[in-house]
Amino acid sequence: MSIPQKGGGPIESYDDLVGFLSQGEKPPSEWRIGTEHEKFGYVVDGNRPLPYDGPTSVHAMLDGMKRFGWEGVYEGEHIIGLSKDGASVSLEPGGQFELSGAPLDDLHQTCDEVHLHLEQVREVADEIGVGMMGLGASPKWSREETPIMPKGRYGIMMEYMKKKGSMGLDMMFRTCTIQVNLDFENEADMAQKMRVALALQPIATALFANSPFLDGKPNGFLSYRAHVWTDTDPDRTGLLPFVFEDGFGYERWVDYALDVPMYFVYRDGNYIDVSGLSFRDFLEGKLEPLPGEKPTLSDWADHLTTIFPEARVKSFIEMRGADGGPWDKICGLPAFWVGLCYHRPSLDAAWQIAKDWTIEEREVLRRDVAKLGLKAKIGGRTVQDIAREILDLSWAGLAARGRADKSADETSFLLPLRTIVESGLTPADVLLEKFHGEWGGSIEPIFEERAFF
């Protein structure tokens with residue numbers, strides 16, 4: 001989750017809110033790729049949760065990484081993140097480490113960024129007895145065992161989550177994801193990419209399903225992370241039917257965001273609890289905890305980070321449907337979406353596949369892939385079959401980009417996903433086979449199986 005947003009002046013009118021989105025418009029020559037991934041840290045001695053303080057801790061990890069030129073981000077006396085050259089490292093509520101990568105030109109750079117980050121993390125982690133693993137949900141530790149990071153926004157969110165849905169706290173403390181941020185050319189391009197993103201997000205969820213365990217045993221799902229999102233604050237989650245309606249654009253997104261209840265306002269280093277109140281009232285100076293005060297664009301940017309649908313618009317589009325996983329899957333997710341979204345023929349063809357699905361069918365699919373993965377169906381077709389066709393389109397899009405490195409073009413990053421589709425086995429299926437087979441019903445081997453290093 002985000003660190004406080006900066007650089008926004010006073011909001012003079014509704015048009016400023018729309019302009020915040022439209023300022024993201026870029027010609028295709030300037031489109032970039034931003035990749036985010038979260039990972040679980042743990043104490044290698046006993047595979048225990050990683051606390052915030054102490055010699056083997058989150059604090060020690062962040063402090064140690066400053067040797068690589070990262071600058072600390074602080075909330076009061078607590079270091080809560082790092083920043084450097086357009087990238088950042090931040091903490092999720094339960095101490096999950098998130099790299100929010102810089103906007104990059106191609107997937108080769110993306111994978112190099114991930115690799116360098118993991119090298120740096122490993123150097124520090126090895127010194128202090130920390131491990132890092134790629135999964136979509138915490139496989140062993142209870143919510144009560146999981147540490148709480150000292151970030152003010154999380155205390156506010158925790159209390160509000162208890163009032164909305166039944167699994168918001170699991171989302172905060174026991175899940176990890178991979179996300180991709182992509183650009184758009186204009187309002188129409190944004191609208192089409194959002195429709196494709198929301199419609200096909202369950203396909204990505206199935207391909208990256210990697211969270212079949214909870215509390216040390218199978219949880220009945222292939223992507224428990226995806227299941228958690230089906231009952232986490234319905235005011236700010238889901239597949240957003242209005243995106244598929246005629247006329248969807250910036251103003252419709254602004255209207256939606258204005259109606260999503262707020263969590264907080266950030267002032268002078270502190271988070272002020274305004275949970276459940278309206279940004280519309282804030283615009284009129286009627287926010288009870290801040291009487292007479294009106295929001296800035298930084299407040300608007302902060303509010304947009306508290307909206308959690310399967311894809312969302314800021315000054316770019318964020319794809320949010322994949323479980324956390326090992327490093328080749330981290331590179332595979334941007335490959336999947338860049339091939340579709342940065343090549344007009346592939347984007348158009350992808351929409352042709354999904355455009356006739358009803359809202360009800362999409363919602364059923366969203367829920368089914370969490371449990372069934374590639375075996376889920378929509379429109380009489382399996383997700384495995386659809387994923388094979390979508391990967392062909394993505395492959396064509398990447399090939400058309402022609403971005404070659406020393407030995408291969410960007411299509412090489414889709415190869416792990418091809419293997420998943422052809423085998424019919426998601427990463428979670430493979431883990432379950434091992435749990436019931438060679439692991440003898442023990443969860444402990446997963447700490448080696450899904451370790452980043």
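Residue-wise test of (1) among the charged types (D, E, K, R); (2) free of Cβ contacts under 8 Å to residues at least 12 places away in the same chain; (3) crowded, with 17+ Cβ neighbours inside 10 Å; (4) touching a Gly at 6+ places or on another chain (Cβ under 8 Å).
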{"residue": "Gly64", "(1), (2), (3), (4)": "no, no, yes, no"}
{"residue": "Gly69", "(1), (2), (3), (4)": "no, no, no, no"}
{"residue": "Gly76", "(1), (2), (3), (4)": "no, no, no, yes"}
{"residue": "Ser83", "(1), (2), (3), (4)": "no, no, no, no"}
{"residue": "Ser90", "(1), (2), (3), (4)": "no, no, yes, yes"}
{"residue": "Leu99", "(1), (2), (3), (4)": "no, no, yes, no"}
{"residue": "Val114", "(1), (2), (3), (4)": "no, no, yes, yes"}
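Any chance you could count how many residues in the stretch 82-93 are of a type outside the set (D, E, K, R) and over 22 Å from Glu145 (Cα atoms)? Talk me through it step by step, then tell me what you get.
Narrowing the stretch 82-93 to residues of a type outside the set (D, E, K, R): 82-83, 86-91, 93.
Filter once more, keeping what is over 22 Å from Glu145 (Cα atoms): 82-83, 86-89.
Final tally of qualifying residues: 6.
How many residues are of a type in the set (Ser, Thr, Tyr), farther than 26 Å from Glu422 by Cα and not in a loop (DSSP other than H, G, I, E, B) if we restrict to the stretch 152-210?
Residues of the stretch 152-210 that are of a type in the set (Ser, Thr, Tyr), as a first pass: 154, 160, 166, 175, 177, 205.
Within this subset, residues satisfying the condition of being farther than 26 Å from Glu422 by Cα are 154, 160, 166, 175.
From what is left, the residues that are not in a loop (DSSP other than H, G, I, E, B) are 154, 160, 175.
Matching residues across the stretch 152-210 total 3.
Between Met132, Met158, which is out of contact with any strand residue (DSSP E or B) (no Cβ under 6 Å at 6 or more places or on another chain) and in contact (Cβ under 8 Å) with a residue 40 or more places away in the chain? Give the steps one after another, and end with the answer.
Values: Met132 fails: out of contact with any strand residue (DSSP E or B) (no Cβ under 6 Å at 6 or more places or on another chain).
Every option except Met158 fails the conditions.
What is the residue count in the stretch 274-330 for residues that are polar (S, T, N, Q) and either in contact with a Ser or Thr (Cβ under 9 Å, 6 or more places away or on another chain) or buried (at least 21 other Cβ atoms within 10 Å of the Cβ) (or both)? Outline the logic, then answer.
Of the stretch 274-330, the ones polar (S, T, N, Q) are 275, 278, 296, 298, 305-306, 315.
Then drop every residue that is not either in contact with a Ser or Thr (Cβ under 9 Å, 6 or more places away or on another chain) or buried (at least 21 other Cβ atoms within 10 Å of the Cβ) (or both), which leaves 305-306, 315.
Residues flagged as polar (S, T, N, Q) and either in contact with a Ser or Thr (Cβ under 9 Å, 6 or more places away or on another chain) or buried (at least 21 other Cβ atoms within 10 Å of the Cβ) (or both) within the stretch 274-330 amount to 3.
List the residue pairs whose Cβ atoms are under 8 Å apart, where the first residue sits in the stretch 200-220 and is more than 17 Å from Leu239 (Cβ to Cβ), the second is modelled with pLDDT under 95 and not aromatic (Phe, Trp, Tyr), and the two are 6 or more positions apart or on different chains.
What qualifies is Phe208/Lys329; Asn210/Lys329.
Yes or no: the stretch 16-36 includes at least one residue that is touching a Cys at 6+ places or on another chain (Cβ under 7 Å) and surrounded by 15 or more Cβ atoms within 10 Å (Cβ to Cβ). Break it down stepwise before answering.
At the first step, the residues of the stretch 16-36 found to be touching a Cys at 6+ places or on another chain (Cβ under 7 Å) are none.
No, that holds for no residue.
Being within 30 Å of Leu425 (Cβ to Cβ), surrounded by 23 or more Cβ atoms within 10 Å (Cβ to Cβ) and in contact (Cβ under 8 Å) with a residue 40 or more places away in the chain, is that true of even one residue in the stretch 188-195?
Of all residues in the stretch 188-195, those within 30 Å of Leu425 (Cβ to Cβ) come to 193, 195.
Restricting the remaining residues to those that are surrounded by 23 or more Cβ atoms within 10 Å (Cβ to Cβ) gives 193.
Imposing the further condition that a residue be in contact (Cβ under 8 Å) with a residue 40 or more places away in the chain reduces the set to 193.
So far as the stretch 188-195 goes, yes, one or more of its residues are within 30 Å of Leu425 (Cβ to Cβ), surrounded by 23 or more Cβ atoms within 10 Å (Cβ to Cβ) and in contact (Cβ under 8 Å) with a residue 40 or more places away in the chain.
Which residue, of Gly285, Gly247, is without any contact (Cβ under 8 Å) to a residue 60 or more places away in the chain and touching a Gly at 6+ places or on another chain (Cβ under 7 Å)? Even if it seems obvious, please write down each step before you answer.
Details: Gly247 fails: touching a Gly at 6+ places or on another chain (Cβ under 7 Å).
Result: Gly285 is the single residue among Gly285, Gly247 that is without any contact (Cβ under 8 Å) to a residue 60 or more places away in the chain and touching a Gly at 6+ places or on another chain (Cβ under 7 Å).
Tell me, which residue of the stretch 144-158 that is over 23 Å from Ile307 (Cα atoms) and in contact with a Phe, Trp or Tyr (Cβ under 9 Å, 6 or more places away or on another chain) is surrounded by the fewest Cβ atoms within 10 Å (Cβ to Cβ)?
Filtering the stretch 144-158 down to residues over 23 Å from Ile307 (Cα atoms) leaves 144-147.
If we keep only those that are in contact with a Phe, Trp or Tyr (Cβ under 9 Å, 6 or more places away or on another chain) as well, we get 146-147.
On the way: Thr146: 21, Pro147: 17.
Restricting to residues being over 23 Å from Ile307 (Cα atoms) and in contact with a Phe, Trp or Tyr (Cβ under 9 Å, 6 or more places away or on another chain), the top hit is Pro147.
Among (1) assigned to a helix (DSSP H, G or I); (2) touching a residue at least 40 places away in the same chain (Cβ under 8 Å), which single condition is Trp141 missing?
Status for Trp141: all satisfied but (1).
For the stretch 211-251, what are the residues that are touching a Ser or Thr at 6+ places or on another chain (Cβ under 7 Å) and assigned to a helix (DSSP H, G or I)?
Tyr224, Arg225, Ala226, Val228, Trp229, Tyr250 - these are the residues of the stretch 211-251 that are touching a Ser or Thr at 6+ places or on another chain (Cβ under 7 Å) and assigned to a helix (DSSP H, G or I).
The values are calculated or read from the model by the stated rules, or taken from the named source; none is laboratory data. Everything quoted here is computed from the prediction, not taken from an experiment. Because the Cβ atoms are built from the backbone with ideal geometry, glycine has one as well, and the counts that use them run over all protein chains shown.
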